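Shown next, in structure tokens, is the structure this report addresses.
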Amino acid sequence: MSHYYPIYVELQNKPVLVVGGGTVALRKVKTLLEHGAVVRIVSPELHPELVELVDDERCLWKKKEYSADDLQDEVLVFSCTEIEEVNSAAAGDAQKSMRLINVVDDPEKCTFIVPSILERGDLSIAVSTGGSSPIVARQIRAELAEHYGEAYEDYLTLLGSWRKDVKARLTAEQKEKFWNRATDGEMLELIKNGRLDDAKGVMQKCFQSLLG
Ligand SMILES: C[C@@]1(CC(=O)O)c2cc3[nH]c(cc4nc(cc5[nH]c(cc(n2)[C@H]1CCC(=O)O)[C@@](C)(CC(=O)O)[C@@H]5CCC(=O)O)C(CC(=O)O)=C4CCC(=O)O)c(CCC(=O)O)c3CC(=O)O
Ligand SMILES: NC(=O)C1=CN([C@@H]2O[C@H](COP(=O)(O)OP(=O)(O)OC[C@H]3O[C@@H](n4cnc5c(N)ncnc54)[C@H](O)[C@@H]3O)[C@@H](O)[C@H]2O)C=CC1
């Protein structure tokens, strides 16, 4: 079993500190922004793509070397430098105040690690090898991407849109019938074939017939 406990964290409008502004910082920052975090970078230099993000006011930049007072109310910290002393200092500071920290070149100093992620709307598949091989995590993600295609986004949106009505208006037995029908493969197949409206129709009909 993996040493790490997997969770999905709500980061909308939550402050996150990123120490360092190179290639790896860029990758982490992009994913953080996609998930709504408020990112502050502390680094003497920045990758050109990060400069663009700062210019577009998508994230904040303090142009300096990291020091303990850079850590404010952030919930997560990423230390993305190759410099052992900087990474150790950031890890120590974060742990003193019980903040979770990711040190990109030293798994031993991490209190969390980042998985390889495949997202299709509300479907999110996170793959981790616990640091044994990030490349294998990426390869597995690519294999999953073949199997779980774009159709899953509309498929899950459609299923999700029924949850409230089904919960409020069907009995336990009817719910089971409804969800079994909704997930028996036909809806997914219709959506894969570009027939989302037909899938919506089938679900509507199924719901009405169960209501009687
Ligand atoms: C522990 C962890 C900490 C963390 O970063 O959270 C970590 C650590 C290290 N990565 C290193 C190297 C590489 N990392 C990647 C890529 C990714 N690394 C990611 C996560 C993680 N990397 C965490 C564990 C995840 C797990 O295994 O479960 C991914 C999944 C997520 C992301 O970063 O967003 C993302 C793929 C995203 C995708 O494409 O889907 C590549 C390939 C590439 O760049 O394409 C290489 C070069 C090849 C190689 O070395 O294997 C090194 C050595 C540095 C050196 O040798 O100097 C260390 C440090 C060490 O191992 O000591
Ligand atoms: N975890 C992962 O996914 C991966 C980790 N790595 C490792 O991550 C480390 C970083 O790699 P890159 O981003 O390619 O390096 P890089 O050299 O592009 O970036 C390092 C950044 O740290 C900044 N920096 C230097 N001193 C600093 C200080 N005192 N305070 C704040 N920032 C400072 C630099 O200005 C630069 O922006 C390397 O050790 C690399 O081996 C490499 C690949 C993947």
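If I go through the range 18-53 residue by residue, how many of them are within 20 Å of ARG138 (Cα to Cα) and hydroxyl-bearing (Ser, Thr, Tyr)?
Residues in the range 18-53 being within 20 Å of ARG138 (Cα to Cα) and hydroxyl-bearing (Ser, Thr, Tyr): 2 in total.
One line per residue, one yes/no per condition, for (1) under 28 Å from GLY121 (Cβ atoms); (2) in contact with a helix residue (DSSP H, G or I) (Cβ under 6 Å, 6 or more places away or on another chain); (3) touching a residue at least 40 places away in the same chain (Cβ under 8 Å); (4) hydroxyl-bearing (Ser, Thr, Tyr):
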| residue | (1), (2), (3), (4) |
| --- | --- |
| LEU26 | yes, yes, no, no |
| ALA37 | yes, no, no, no |
| ILE41 | no, no, no, no |
| LEU46 | no, no, no, no |
| LEU53 | yes, no, no, no |
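Tell me whether the range 116-134 contains one or more residues that are of a type outside the set (Gly, Ala, Ser) and in a helix (DSSP H, G or I). Before the answer, list the steps.
Taking the range 116-134 and keeping what is of a type outside the set (Gly, Ala, Ser), we get 117-120, 122-123, 125, 127, 129, 134.
With in a helix (DSSP H, G or I) added as a condition, the list becomes 134.
For the range 116-134, residues of a type outside the set (Gly, Ala, Ser) and in a helix (DSSP H, G or I): present.
Select from the range 61-97 the residues that are of a type in the set (S, T, N, Q) and either touching an Asp or Glu at 6+ places or on another chain (Cβ under 6 Å) or near ligand 2 (Cβ under 9 Å from one of its atoms) (or both) and list them in ascending order.
Within the range 61-97, SER67, SER79, THR81, ASN87 meet the criteria.
Going through LEU100, LEU53 one at a time, which residue ends up being open to solvent by less than 80 Å² (accessible area, probe 1.4 Å) and within 14 Å of ligand 2 (Cβ to nearest atom)?
Sole residue among the options that is open to solvent by less than 80 Å² (accessible area, probe 1.4 Å) and within 14 Å of ligand 2 (Cβ to nearest atom): LEU53.
Would you pick out the residues in the range 29-46 that are crowded, with 19+ Cβ neighbours inside 10 Å and either near ligand 2 (Cβ under 9 Å from one of its atoms) or not in a loop (DSSP other than H, G, I, E, B) (or both)?
Those that are crowded, with 19+ Cβ neighbours inside 10 Å and either near ligand 2 (Cβ under 9 Å from one of its atoms) or not in a loop (DSSP other than H, G, I, E, B) (or both): VAL29, LEU32, VAL39, ILE41, VAL42, SER43, LEU46.
Checking GLY149 against (1) over 26 Å from ASP105 (Cα atoms); (2) in a helix (DSSP H, G or I), which single condition isn't satisfied?
All conditions are met except number (2).
In the range 43-72, what residues are charged (D, E, K, R), under 17 Å from LEU32 (Cβ atoms) and away from ligand 1 (no atom under 16 Å from the Cβ)?
GLU52, ASP56, GLU57, ARG58, LYS62, ASP70
Scan the range 3-28 for residues that are open to solvent by 70 Å² or more (accessible area, probe 1.4 Å) and closer than 22 Å to GLY130 by Cα and jot them down.
HIS3, TYR5, PRO6, ILE7, TYR8, VAL9, GLU10, THR23, ARG27
The values are calculated or read from the model by the stated rules, or taken from the named source; none is laboratory data. Keep in mind that what you see is a predicted model, and the values were worked out from it rather than measured. Because the Cβ atoms are built from the backbone with ideal geometry, glycine has one as well, and the counts that use them run over all protein chains shown. With ligands, DNA and RNA removed, areas are computed over all heavy atoms of the protein, side chains included. Shrake-Rupley method; radii C 1.70, N 1.55, O 1.52, S 1.80 Å.
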